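Trainee: Sharing a structure, written as structure tokens. Questions coming.
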Amino acid sequence: MNVSDYIIQRIKDWNTNRIFGYPGDGINGLLGALNRNRDVRFIQTRHEEMASFMACAHAKFSGETGVCLATSGPGAIHLLNGLYDAKLDHQPVVALIGQQKMTSMGSNYQQEIDLMSLYKDVASAYVQMVTDPAQVRQVIDRAFRIAKAERTVTAVIVPNDIQEETAVDEPPREHGNVFTGIGYPKANLVPWQAELERAAQVLNEGKKVAILVGAGAISAAEEVKEIAELLGAGVAKALLGKAALPDDLPYVTGSIGLLGTKASWELMDGCDTLLMIGSSFPYSEYLPEPGAARGVQIDIDGKLLSLRYPMEVNLLGDSKSTLQALMPLLRKKEDRSWRETIEKEITSWWDTVEQRSLQEADPINPQLLLQKLSPMLPDKCIISADSGTSAFWFARNLKMREGMMASLSGTLASMCPAIPYAIAAKFAYPERVPIAIIGDGAMQMLGMNELITIAKYWKEWSDPRLIVIVLNNRDLNMVTWEQRMLSGEPKFDASQDIPDVPYASFAELLGLKGIRVEKPEQIDEALNKALTAEVPVVLDVLTDPNVPIMPPHIDMKQLSKFSKALLKGDPEQRAIIRQTIREVMQGGSTF
């Protein structure tokens, strides 16, 4: 057994059976070991960035540690974006990276990069280069344990000559050597009783309680429901927490923030007490004004407490155990008037969403597509969204049901994760249906490449369905709207217009099913075909780039900049005004 064989077996011992990566001569030893050890499967992506996105998604959807593999130099560089996605969304991922021979390092050799320096930020919790076979055991063990313990990215760099050396299962028992083991225990982290009692007092005294949940509350869904009932509270969801609670609960206001709902805005604007659970939602302007509400926050990471709002009580603990300990201390609120107000707002909001989706567009209103998809979503499907306006409509128009999963690049907000997320979800749960919602910008950037990965593997899946929905508006649409609303600048055609690519035809070339949707009346049939197909499907939907992304609250500064952009002569001025008037007439935004 050489060092590479030992590494792959040790990774298997850490309960990892899948590695996402792309080959290169800097990792030939590791690839050879993967060829010999078929208990750990190598999933070949089209690009290293896609491998790191898949490792992040694997961690998000499975709860296990994701692993990605790349060669030295350019391969290691390509991994970084997906690794930052994992780091910023607090997901355990181990990056395994090749390096030039030890004897050539420091000689300005081909593809020689100072990987320790390159990775010192993204893998700040732990990055090490193996320089001796006897070191391998403790480096791999610590990389996995730290990734899991701190919910972060770690990196192991292995020079290619070290990969071929004879493995050392156990270093000599002498001064300077350490002997590590495998495994990370599950544990409950609960705050002190005195802190729980302080939190209960704040929540019991509140008359209008708002709850905000994030990804950290996904494992505590039943406890959140019970707390919401006790407190008569409404529950808003940060984008990474979209799947934390189903949207058919009468007190769930939906998403929060620029992409959020008017009901969530009213919940935060009107509350006198805020309970934040497992979220680091960054946009403080969508939270209560500081001093207007008392605050309690629950988070497993002490660094994130009181980061977005000045909380009166900070509870360091995991969401599920902390809520279970907190519940016996809470009194049920008999006055349900606040809850009733929230529920009326929610009902009104969903009516607004429906009416907005029915507004005419040229050619298709993207809201209509997602609105029609929502009730057709398969049970336990897994939804991934890309960054941009695809995330906007995902946040607003899709109603999550019990048992579904959903995610996107939350904190990094990177383009291109939707399809690799869906692929990773399919490998983790081959019997479930992943649905990727992606804009044409991200599709052209890297998304089309990963259709090739789908074509490579789909025939082995027990349920072959995987659906990619492309919102084809020939525009880098989110940035276009940000130019108008945040900068007061008209659309800059040279930077924003992109080609109309026949994505459905490209899918057909790969042996997948491609469906191009050019008219609203084609949507129902296209969705039915996609959801019942016996092969992965690409839906190429021509959508209107001039349907505005209306925030739940429009301040005078945004309105002023939007007006300035139009006065400067936006090339889509007439269509924008028409569509904006239609949206405003349906309500759903405050001024």
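Trainee: Rounded, prolate or oblate: pick one for the range 375-475, where a ≥ b ≥ c are the square roots of the eigenvalues of its C-alpha gyration tensor, a/c under 1.5 means rounded, and failing that, prolate if a/b is larger than b/c, else oblate.
Mentor: The shape class here is oblate.
Trainee: At a Förster distance of 35 Å, what's the computed FRET efficiency of SER495 paired with LYS120, Cβ-Cβ distance as r, to 0.05?
Mentor: 0.60
Trainee: Let me know the charge dipole size of the range 511-589 about its Cα centre in debye, to the nearest 20, where only the beta-carbon of Lys, Arg (+1) and Asp, Glu (-1) is charged.
Mentor: Here the range 511-589 has a charge dipole of around 440 debye.
Trainee: Please work out the C-alpha center-to-center distance from the range 334-349 to the range 45-72 and express it in whole Å.
Mentor: Here the two parts' Cα centres lie 42 Å apart.
Trainee: Here is a further query. Along the charge dipole of the range 125-230, pointing to its positive end and built from +1/-1 on Cβ of Lys, Arg, Asp and Glu, which listed residue (GLN193, ILE182, ALA134) has its Cα farthest out?
Mentor: Going by the charge dipole, the pick is GLN193.
Trainee: Given a 1.4 angstrom probe, I'd like the percentage of the accessible area of the chain that is carbon and sulfur, rounded to a whole number.
Mentor: 51 percent
Trainee: Placing unit charges on C-beta atoms (Lys and Arg positive, Asp and Glu negative, everything else neutral), compute the dipole magnitude of the range 80-191 about its Cα centre in debye, rounded to 20.
Mentor: 480 debye
Trainee: Heavy atoms only, probe 1.4 angstrom, no DNA, RNA or ligands counted: give me VAL501, VAL517 ranked by accessible area, highest first.
Mentor: VAL501, VAL517
Trainee: Along the charge dipole of the chain, pointing to its positive end and built from +1/-1 on Cβ of Lys, Arg, Asp and Glu, which listed residue (SER462, MET116, ALA210) has its Cα farthest out?
Mentor: With unit charges placed on the Cβ atoms, the residue in question is ALA210.
Trainee: Using a simple charge model, +1 on the beta-carbon of Lys and Arg, -1 on the beta-carbon of Asp and Glu, nothing else, what dipole does the chain show about its Cα centre, in debye to the nearest 20?
Mentor: 440 debye
Trainee: At 1.4 Å probe size, with no ligands or nucleic acids counted, give the accessible surface of ARG578 in Å², nearest ten.
Mentor: 100 Å²
Trainee: Can you compute the modelled spin-label distance between GLU174 and ASN28, with each label point 7 Å from Cα toward Cβ, in nm?
Mentor: 3.3 nm
Trainee: If you don't mind, another one. Less than 19 Å apart at the alpha-carbon level, and either on another chain or at least 8 residues along: which aspartates and glutamates does that give for LYS262?
Mentor: Straight-line reach from LYS262, under 19 Å: ASP247, ASP248, ASP272, GLU285, GLU289, GLU340, GLU343, GLU345, ASP351, GLU354, ASP555, GLU583.
Trainee: Using the alpha-carbon centroid of each, what span in Å lies between the range 504-519 and the range 183-232?
Mentor: When both Cα centres are located, 47 Å separates them.
Trainee: On to the next question. Under 12 Å Cα to Cα from LYS60, which aspartates and glutamates show up? Leave out anything in the same chain fewer than 8 places away.
Mentor: In chain and number order, the partners are ASP85, ASP89.
Trainee: Once the Cα atoms of helix 418-428 and of the chain are each reduced to a long axis, what angle between those two axes, in degrees from 0 to 90 to the nearest 10, is obtained?
Mentor: It works out to around 60 degrees.
Trainee: In the structure displayed, which of LYS208/LYS332; LYS12/LYS120; LYS242/LYS459 lie more than 22 Å apart, Cα to Cα?
Mentor: From the list (LYS208/LYS332; LYS12/LYS120; LYS242/LYS459), the Cα-Cα distance tops 22 Å for LYS12/LYS120; LYS242/LYS459.
Trainee: Find which of GLN100, LEU239, ALA325 sits farthest along the positive direction of the dipole of the chain, computed with +1 on the beta-carbon of Lys and Arg, -1 on that of Asp and Glu, about the Cα centre.
Mentor: So the residue we want is ALA325.
Trainee: What does the accessible area per residue of the chain come to in Å², with a 1.4 Å probe and no ligands, DNA or RNA counted?
Mentor: It amounts to 40 Å² per residue over the chain.
Trainee: Where does the chain land at 222 nm, in deg cm²/dmol rounded to the nearest 500, when only DSSP H runs of n ≥ 4 count, each adding -39500 (n - 2.57), divided by all residues?
Mentor: After summing the helix terms and dividing by residue count, I get -11500 deg cm²/dmol.
Trainee: May I ask you to compute the full-extension gain from GLN193 to GLU150, defined as 0.36 nm times their residue separation minus their alpha-carbon distance, rounded to one decimal in nm?
Mentor: 13.0 nm
The values are calculated or read from the model by the stated rules, or taken from the named source; none is laboratory data. Quantities reported herein were computed from a predicted structural model and do not represent experimental measurements. Ideal geometry is used to build each Cβ from the backbone, glycine not excepted, and the neighbour counts take in all protein chains shown. We work out accessible area using only protein heavy atoms, side chains counted, and drop any ligands, DNA or RNA first. Shrake-Rupley method; radii C 1.70, N 1.55, O 1.52, S 1.80 Å.
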